[in-house]
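The structure that follows is given in the form of structure tokens.
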Amino acid sequence: MSLIDEGREFLKSKEWPEWKVMETDQRKEVPVPPRQKPCPEGAPLVDLIAVADLSVGQLPVIDALAGRKSHRKFTDAGLSLEELSFLLWATQGVREVLESGTVRRTVASGGNRHPFETYLVVNRVEGLKPGLYRYLPLDEKMCRLGEVDDAVARVGEGCHGQNFVGEGAVVFIWSVIPYRTEWRYSHLSHRAIAIDSGHVCQNLYIACAAIGVGTCAIGAFDQARMDSLVGVDGKDEFVIYLAPVGRIE
Ligand SMILES: Cc1cc2nc3c(=O)[nH]c(=O)nc-3n(C[C@H](O)[C@H](O)[C@H](O)COP(=O)(O)O)c2cc1C
């Protein structure tokens with residue numbers, strides 16, 4: 001099969017008849033993988049603003065959709081912590097925890113598996129020391145993972161010279177932990193994971209439009225450089241998608 005044919009096959013839906021008879025880890029009663037990566041011991045925590053207390057993001061959906069577009073030029077102005085809290089909630093936030101422990105989020109995800117983690121390179125956010133952070137959606141917090149030397153240049157280089165990415169006030173870097181989905185769907189997971197990631201970034205676009213800031217989806221990046229920047233192993237967790245966010249003229 002040619003590489004193009006292989007790519008097309010990957011996009012086709014062939015899951016269900018196969019999956020119904022598959023011996024998945026879930027069916028083998030392997031315990032469900034954690035829904036959120038733990039905060040490293042000793043990492044400082046930052047409280048985010050709870051969704052009930054947000055005043056931003058009130059633009060009608062019709063206006064946010066009409067205003068959605070990609071922005072690649074950002075001003076030197078920063079974001080407020082409230083704006084960042086809103087964007088994090090919109091992209092991966094929790095909207096409901098059921099009695100069973102099931103967590104429902106603001107984005108759809110195949111089988112409700114939610115295989116992503118959100119890393120942030122913070123350059124200019126009110127009250128936050130620049131550096132690398134990770135969102136903890138179940139706790140409405142972020143943990144600070146450390147400094148990023150030459151963040152603007154490193155992110156730009158990690159995106160094949162797309163320097164505007166590193167110039168965002170904050171850069172969203174989504175990693176995937178495929179096993180969260182594989183636990184249920186085994187080798188049929190990966191098409192769903194790719195589709196899932198689009199939902200996350202689309203919510204970011206709409207949320208950015210709702211608060212008058214700019215973003216741009218970034219699919220072209222250097223896998224090894226970005227994995228190393230956020231400190232993941234590139235096998236059980238790796239970067240899948242990015243988006244800088246910044247103020248626009
Ligand atoms: C999967 C995906 C990957 C993308 N990767 C990049 C990228 O690496 N660099 C970039 O400048 N824009 C990237 N974009 C943004 C598109 O170029 C943009 O959405 C398209 O030109 C349409 O413009 P609009 O978003 O303003 O409607 C990407 C968009 C998607 C959905």
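A short reminder: the numbers here are calculations on the coordinates, not readings from a lab. Treat the numbers as computed from the prediction; the structure is a model and nothing was measured. Note: ideal-geometry Cβ built from the backbone for every residue, glycine included; neighbour counts use all protein chains shown.
Calculate how many DSSP beta bridges within the chain are antiparallel, expressed in % of all such bridges and rounded to the nearest 5.
Antiparallel: roughly 95 percent of the beta bridges in the chain.
Output ³J(HN,Hα) for region 208-220: one whole-Hz value per residue in order, computed from phi by the Karplus curve 6.51 cos²θ - 1.76 cosθ + 1.60 with θ = phi - 60°, and x for Gly and Pro.
Coupling constants for region 208-220: 4, 4, 5, 10, x, 10, x, 8, 8, 5, 10, x, 9 Hz.
Is the C-alpha gyration tensor of region 1-106 telling us rounded, prolate or oblate? Criteria: a/c under 1.5 is rounded; beyond that, a/b larger than b/c is prolate, otherwise oblate.
oblate
Turning to a different aspect of this structure: Considering the Cα positions of region 125-180, please state its Rg to one decimal place and its Dmax as a whole number of Å.
12.8, 35
So, in nm, how far is label residue 2 from label residue 126 when the simple model puts each one 7 Å beyond its Cα toward the Cβ?
With each label point 7 Å from Cα toward Cβ, the separation is 5.5 nm.
Ignoring trypsin sites (Lys or Arg not before Pro) that are buried or in helix or strand per DSSP, and keeping those with at most 13 other beta carbon atoms within 10 Å, what is the longest stretch of the chain between them?
Numbers: sites that count: 12, 14, 27, 28, 69, 73, 235.
My reading of the result: 74-234 is the longest stretch.
Let me ask you something else. Tabulate in residue order the Karplus-calculated ³J(HN,Hα) for region 46-54, using 6.51 cos²θ - 1.76 cosθ + 1.60 with θ = phi - 60°, rounded to whole Hz; enter x for Gly and Pro.
10, 6, 9, 7, 5, 4, 5, 9, 7
Something else: For region 169-214, run through the chymotrypsin sites (Phe, Trp or Tyr not before Pro) and keep only the ones in DSSP coil with at most 13 other Cβ atoms within 10 Å of their Cβ.
Passing both the DSSP loop test and the Cβ count: no residue.
Run through all the Cα pairs of the chain and give the fraction in each 5 Å bin from 0, expressed as whole percent.
Reading the bins upward from 0: 1, 6, 13, 17, 19, 17, 12, 8, 5, 2, 0.
Right, another one. What list of ³J(HN,Hα) couplings, whole Hz, do you get for region 109-123 from phi and the Karplus terms 6.51, -1.76, 1.60, once you set θ to phi - 60° and write x for glycine and proline?
8, x, x, 6, 7, 6, x, 9, 10, 10, 9, 10, 8, 8, 9
Under the rule of at least 5 residues apart or a separate chain, name every residue whose amide H is placed under 5 Å from the amide H of residue 49.
For residue 49, whose amide H was placed from the backbone, the distant partners under 5 Å are 85.
Another question about this same structure. Count the net charge of all other residues whose Cβ sits under 13 Å from the Cβ of residue 169, scoring Lys and Arg as +1 and Asp and Glu as -1.
Details: positive: 73, 124, 247; negative: 76, 83, 126, 167.
Within the 13 Å Cβ shell, the charges total -1.
Taking 0.36 nm per residue of separation and subtracting the Cα-Cα distance, what length does fully extending residue 27 through residue 65 add?
Details: separation 38, 0.36 × 38 = 13.68 nm, distance 4.07 nm.
The span from residue 27 to residue 65 would gain 9.6 nm if fully extended.
Here's a follow-up. Quickly estimate the mean residue ellipticity at 222 nm for the chain, helices only: each DSSP H run with n ≥ 4 gives -39500 (n - 2.57), and the total goes over all residues, rounded to 500. Provide the component values of the computation, followed by the final result.
Values: 8 runs with 80 residues, N = 249.
Calculated mean residue ellipticity at 222 nm is -9500 deg cm²/dmol.
Here is a further query. How much net charge surrounds residue 2 when only other residues with a Cβ under 14 Å from its Cβ are counted (Lys, Arg +1; Asp, Glu -1)?
Around residue 2, the surrounding residues sum to -2.
Out of region 22-90, which GluC sites (Glu not before Pro) are coil in DSSP terms and have no more than 14 other C-beta atoms within 10 Å?
Those that pass, being in a loop and sparsely packed, are 23, 29, 41.
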